[in-house]
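Each remark here refers to the structure printed beneath this line.
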Amino acid sequence: MNDPKKKKWLTITIIAFIAMVIINQLVVLPFVSASGQAKETTYDFMLRELEKKNITHVEINGEKIYFKLKESKPDKDAKLLDTLLAAQNNNVYVTTAMTDLALVERLYQSGAEFTQVNQKQMSPIVSMLLSYGCFILIYLVLMRVMMKKMGGGGSVMSFGKSNARIVANDKVDIRFTDVAGQEEAKENLKEIVDFLHDPKKYEQMGAVLPKGALLVGPPGTGKTLIAKAVAGEAHVPFFSISGSEFVEMFVGMGAAKVRDLFKQAKEKAPCIIFIDEIDAVGKKRDTAGIGGNDEREQTLNQLLSEMDGFDGSKGVILLAATNRPETLDPALLRPGRFDRRVPMELPDQKGREAVLRVHAKKVKMADTVDLVAIARSTPGASGADLANLINESALQAVRAGHDKVQQEDIEASVDVVLAGQQRKSTVISPREKQVIAYHEVGHALTAALQDESAPVHKITIIPRTSGALGFTMQLDEEERFLHTKPELTARLVTLCGGRAAEMLVFGKATTGAANDIEQATRMARAMVTRYGMSDSFGMVALEANANRYLGGDGELTCSGTTAARIDDEVIALVQDAFQQASKIIAEHWSALTRIADQLIRQENMSGEEFKKLLDEELETKRLAAQEAAGEGKENEVSE
Ligand code: ADP
Ligand code: ZN
């Protein structure tokens, strides 16, 4: 929560408190009996005061009579102390009623106001609850009024029942063309747009579209933007709410909010509901059961049941965004819920150029500006960073007195915008980029040059959501459940390929291989202790995996000496793999440098591109070898 918000809460609280005190005086105290401070007195005292017409209010409650005297004028007969006491007790007295039929008549004559309350005397607890009830009521009313004030304006409306800003936008003017790059995501979401255009078509086919899609990616990659674009393209209303807003509220409010949200959406269907930061509500529920956040769980359960409850053909589509998909409760990802995942990664160089172009249209830009160069100099920047960069450079242009944005304005802004970003997101130096590229190509080469290895699907040196600086993805043609020993060995070699390439090219180890090392070690250990793949142990289970379901590590079921031997085996396996990887890479040095160069330039490389480059290199190598062999033969012949 930011500061102004906090201030607002404080104001509401203070106002509500003051209002409560006032209301307490005005409403609660006139229930004379409720004050609980009535002074016991005698019946004849009351009658005498009545005679003097000093009584203003009387309340007959069962056999008690409460009465209130006028502000006591100093009575010369009364002792000072009595007067003071009377004043302090609000002049309220209580006496026991007599069977006095004439009382009503006398009260009437005296002009006192009187009522009969046929209840037990209100207990102090009830009166306390009453005043706190007032407090909470005032609080809620005030809050609603203030929220309304904030949410108002334009086509945006806030719903009465919702204190969280459920923002409904009937007309969204954002289109897919406003989202630069992210072609894969757009392709993914086009089907949803098509469905919203013409749900009948799908219904007739008997096809059920997923109810929800999860947009996964780091902040600023355009998740909100693309969700809006889906609504814009489909010409349907757009509801948005942030997950954190569900949780900030009072107990029980989150679930109500979810219900409210879905109710509103169903009325407006077809429409898009967008939940930003869904991880705030959708975090894994505590398995331990204690210390869990009940409010959040209730909200999550409500969300799940609403998702199950609505019929997809009605055309309510849920889009949610997160940058931490691994923290989500698995229940959210089950079929029929957010079963479609749309990755939104940081843009590569081409993507950055595209984002710059989209935003450059919004400002006056000189024709001489070279956006390609800008894109090249901003690796790691997100779409939002780049949008910000263009805006900053427009400001810079004004400051510099230019009539259009010049290259120098943008270049000056790069530092301003990205220096601020450096701590937040990963902006990588050219030198690091080089190391990362060679590392990844090392993985890719070792993967591609071993028979038992899955083909390379994609290489990237754009930092991932997971924190990895680069990534080489292999994809098996089909899902595999059995793995052979040569396959696992090949995988080990591939895992070593990154560090091996770094060592060969730069001669220095970096921390970039930490994850590889962890994976390789775990794999080698499993080969020895669980899969019976080491020659010296054979088919002996050396590990009892007691806690597999909870992902716990196995426990060794062997003596200390055996444990030491296991360690030796594991080390030997990994070392062999490293040797093997180094050999492969050294033999294909020119392929390594050529592909790495290309990767540094374009940051993303598809499996096909990689294969094409590698095949060319292998062909050159083969021809060279043939020539060498041919020359050798010729020499032999000539001799
Ligand atoms: P996220 O929801 O992923 O955090 P947003 O959608 O809020 O990111 O992006 C913030 C802003 O950054 C957008 O309003 C837009 O101006 C800019 N932006 C981000 N990604 C893109 C993109 N791919 N194309 C164009 N603009 C983008
Ligand atoms: Zn690696």
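When ALA256, ALA331 are checked against the criterion of being in a helix (DSSP H, G or I), of a type outside the set (Asp, Glu) and modelled with pLDDT under 85, ALA256 stands alone in meeting it.
Looking at THR99, THR83, just one residue is at pLDDT below 75 and open to solvent by 70 Å² or more (accessible area, probe 1.4 Å), and that residue is THR99. Within the option set GLY442, GLY467, being within 14 Å of ligand 2 (Cβ to nearest atom), farther than 20 Å from HIS359 by Cα, at pLDDT below 80 and open to solvent by less than 70 Å² (accessible area, probe 1.4 Å) holds for one residue only, GLY467.
If you take the residues of the stretch 507-517 that are polar (S, T, N, Q) and more than 8 Å from ligand 2 (Cβ to nearest atom), which of them is most open to solvent (accessible area, probe 1.4 Å)? Result: THR511. Residues in the stretch 493-506 that are open to solvent by less than 50 Å² (accessible area, probe 1.4 Å) and either within 13 Å of ligand 2 (Cβ to nearest atom) or within 11 Å of GLN579 (Cα to Cα) (or both): VAL493, THR494, LEU495, CYS496, GLY497, GLY498, ALA500, ALA501, GLU502. Only one entry of LYS201, LYS190, LYS171 meets the criterion of being surrounded by fewer than 20 Cβ atoms within 10 Å (Cβ to Cβ), modelled with pLDDT of 90 or more and either more than 16 Å from ligand 2 (Cβ to nearest atom) or hydrophobic (A, V, I, L, M, F, W, C) (or both), and that entry is LYS190. Of all the criteria given as (1) modelled with pLDDT of 90 or more; (2) part of a helix (DSSP H, G or I), the one not satisfied by MET605 is (2). Restricting ALA394, ALA412, ALA375, ALA384 to residues that are within 16 Å of ligand 1 (Cβ to nearest atom), assigned to a helix (DSSP H, G or I), open to solvent by 40 Å² or more (accessible area, probe 1.4 Å) and of a type in the set (A, V, I, L, M, F, W, C) narrows the list to ALA384.
Scanning the stretch 586-612 for residues that are hydroxyl-bearing (Ser, Thr, Tyr) and over 21 Å from ALA375 (Cα atoms) returns SER590, THR593.
The values are calculated or read from the model by the stated rules, or taken from the named source; none is laboratory data. Note that the structure is predicted; figures quoted are calculated from it, not measured. Note: ideal-geometry Cβ built from the backbone for every residue, glycine included; neighbour counts use all protein chains shown. For the accessible areas, the whole protein counts, side chains as well, though only heavy atoms, and no ligand, DNA or RNA atoms are used. Shrake-Rupley method; radii C 1.70, N 1.55, O 1.52, S 1.80 Å.
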